[in-house]
Amino acid sequence: MSEKSIFTGEKAYLEKSFLEELSLKVWTTKGARFQADQRLRAKARMSSISMSILSAYLIIAGLISVYVGSHASINFQLINYFVTALSIVLLVLSQYENSQD
């Protein structure tokens, strides 16, 4: 008497032995973990690059008041305020990103 399989397609592995089923699950999970690792490494790299670029812009903006001088009609107090505020925001964001490892 032959038993007819009730599982077909993707669920056919459920009729195999425990070790075969476990092996398939481990192999599938391993692939998903490698993909997640690649995705998270790319995200961390892009985050690091964007933080570096923002830091460079803030340094340049801070130096504007030093090198342009007082003969320009720009309100340097306002620029210095925004540079300081953005620097604090950048510091908080970088601390948050570093804690996500």
Selected residue (only one of Ile74, Ile88 is without any contact (Cβ under 8 Å) to a residue 12 or more places away in the chain and not in a helix (DSSP H, G or I)):
Ile74
Right, Leu19: surrounded by fewer than 10 Cβ atoms within 10 Å (Cβ to Cβ), over 24 Å from Leu91 (Cβ atoms) and at pLDDT below 85 or not?
yes
Can you tell me which of Ser65, Ser47, Ser73 is surrounded by 12 or more Cβ atoms within 10 Å (Cβ to Cβ) and modelled with pLDDT under 85?
Ser65
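The values are calculated or read from the model by the stated rules, or taken from the named source; none is laboratory data. In this text, all values refer to a predicted model and were calculated from it rather than measured experimentally. Don't worry about glycine lacking a Cβ; one is built from the backbone with ideal geometry, like all the others, and counts go over all protein chains shown.
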